[in-house]
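Each remark here refers to the structure printed beneath this line.
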Amino acid sequence: MKKIAMSAAALGIISCGAQAQSSVTIYGIVDSSVRYSTNENAAGGSKVQLAGGPLSGSRIGFKGTEDLGGGLSALFSLETGFGTDTGALQQQPASGTRLFGRESLVGLQGGFGKLTVGRQYALIHDMVVSYDVYALSNVTQTIGFQGGNYTMGARLDNSLRYAGTYKGVTASLGYSAGEVAGDIHNGESRAIGLAYDDGPLHIGGAWQVLNNSTTYFSSAISANSKQTAWSLGATYTAGPVKWYAGYINNKLDIADYRNSSYSAGFKWNISGPWSLWNAVYFDRLKHAGTSGNRLTIAPTALYAFSKRTDVYLTVDYTKLTDAWKTLGSTSGTLFGNRLGVTTGIRHQF
């Protein structure tokens, strides 16, 4: 903590020297929990584990801006994720050489909007986050569904993003290069999004395609499969309650997977430090002439000691049928039905 404080102070001195035209922020989240879950293997065995980052992925990050004059500014974001249970870096490739796995980007922003380049969240992922109660965190054990496989793996390397806002309407474009010599479309991704904000109401939608997708729920699929996903959703705040609703349509053409996923829920600031969240997810899977359903229900009670530190208790229940049960057991996601209880503590700085 001393090293972090000294670094922040040093950066503050630099900012003052630049007449407050530049700023750098060091921030982070440390989230850890104990989880009990049933039906974690083919024999129906239960498991107890210390899980890092279930409600909010643990991270440390650096963000900054520089005023370039004329309403133009430069920006950057570097963010790395880690597991509090082992301290290991997360969001790693097979080589294990990625330093900033959550995000690493630089860009410009001004009256024209914002343009960024680097490793970034997939555009459709950001859109789904905006109308999911848990912002695609893993405390509900659904990140393998909504958060990863349906949103192009959440993040894309070699990515360009643009966003511009006019009178509450934000239009977004995304492009990721596959960087394959002789085949510029191999591994390429393209996306478009549109959102509207008006006081308590937020509505948004996005479409994204990824060429040559190679895995689905940790299982290898045809390298020629093209993944296409689109999503619509909304939130509405009424007094102490914020309501959420969303839909994701996802398909892989050659691998022949089709998913229609629905979600709904709320966040309720009950009184003082107490809050109650709840979400329901329903998914219909079609694959190779078979079909199946997935249902997840996940309420969470939270108690805030301060604006930065809270504790929480989540109970999640998932039921799989038919084709979903086959896909779940093959990928190791879960086997049949599962009940989980997670209690944790989260600190933000």
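The table for this structure:
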| item | result |
| --- | --- |
| The stretch 157-173, residues that are within 17 Å of SER213 (Cα to Cα) and either touching a residue at least 40 places away in the same chain (Cβ under 8 Å) or basic (Lys, Arg) (or both) | SER159 |
| Test: TYR303 is modelled with pLDDT of 95 or more and closer than 29 Å to ILE221 by Cβ | no |
| Index of the failed condition, GLY101 passing every other in (1) part of a loop (DSSP other than H, G, I, E, B); (2) surrounded by 15 or more Cβ atoms within 10 Å (Cβ to Cβ); (3) at pLDDT below 95 | (3) |
| Residue in the stretch 196-211 that is over 30 Å from PRO299 (Cβ atoms), among the aromatic types (Phe, Trp, Tyr) and surrounded by fewer than 21 Cβ atoms within 10 Å (Cβ to Cβ) present | yes |
| Count of the stretch 104-154 residues which are in a loop (DSSP other than H, G, I, E, B), over 10 Å from the mean Cα position of the chain (by Cα) and either modelled with pLDDT of 95 or more or among the polar types (S, T, N, Q) (or both) | 7 |
| Among the candidates GLY289, GLY272, residue that is closer than 26 Å to TYR27 by Cα, at pLDDT below 95 and over 24 Å from the mean Cα position of the chain (by Cα) | GLY272 |
| GLY289 vs. criteria surrounded by fewer than 17 Cβ atoms within 10 Å (Cβ to Cβ) and among the small types (Gly, Ala, Ser) | yes |
| In the stretch 250-269, the residues that are within 17 Å of the chain's Cα centre (by Cα) and not small (Gly, Ala, Ser) | ASN250, TYR262 |
| Condition check for ARG161: crowded, with 22+ Cβ neighbours inside 10 Å, touching a Leu at 6+ places or on another chain (Cβ under 8 Å), of a type in the set (D, E, K, R) and not in a loop (DSSP other than H, G, I, E, B) | yes |
| Single unsatisfied condition, ALA195 versus (1) in contact (Cβ under 8 Å) with a residue 24 or more places away in the chain; (2) over 23 Å from TYR175 (Cβ atoms) | (2) |
| Search result, residues across the stretch 161-198 that are among the small types (Gly, Ala, Ser) and at pLDDT 95 or above | ALA163, GLY164, GLY168, ALA171, SER172, GLY174, SER176, ALA177, SER189, ALA191, GLY193, ALA195 |
| Residue check for ALA264: surrounded by 14 or more Cβ atoms within 10 Å (Cβ to Cβ), assigned to a strand (DSSP E or B), without any contact (Cβ under 8 Å) to a residue 40 or more places away in the chain and aliphatic (A, V, I, L, M) | yes |
| Qualifying position, being farther than 30 Å from TYR257 by Cβ and of a type in the set (Gly, Ala, Ser), among GLY101, GLY111 | GLY111 |
| Members of the stretch 191-248 that are within 23 Å of VAL133 (Cα to Cα), of a type in the set (Phe, Trp, Tyr) and not in a loop (DSSP other than H, G, I, E, B) | TYR196, TRP207, TRP230, TYR236, TRP243, TYR244, TYR247 |
| Within the stretch 32-85, considering residues that are without any contact (Cβ under 8 Å) to a residue 40 or more places away in the chain and within 21 Å of VAL315 (Cβ to Cβ), the one surrounded by the most Cβ atoms within 10 Å (Cβ to Cβ) | GLY52 |
| Criterion (in contact (Cβ under 8 Å) with a residue 40 or more places away in the chain, in contact with a helix residue (DSSP H, G or I) (Cβ under 6 Å, 6 or more places away or on another chain) and among the basic types (Lys, Arg)) met by exactly one of ARG294, ARG308, ARG338, ARG346 | ARG294 |
| Test: residue in the stretch 216-223 that is surrounded by 16 or more Cβ atoms within 10 Å (Cβ to Cβ) and touching an Asp or Glu at 6+ places or on another chain (Cβ under 8 Å) | no |
| Of the criteria (1) on the phi < 0 side of the Ramachandran plot; (2) surrounded by fewer than 18 Cβ atoms within 10 Å (Cβ to Cβ); (3) of a type in the set (Gly, Ala, Ser); (4) at pLDDT 95 or above, which one ALA9 fails | (4) |
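The values are calculated or read from the model by the stated rules, or taken from the named source; none is laboratory data. Keep in mind that what you see is a predicted model, and the values were worked out from it rather than measured. Quick reminder, even Gly has a Cβ in these numbers, built from the backbone with ideal geometry, and neighbours come from all protein chains shown.
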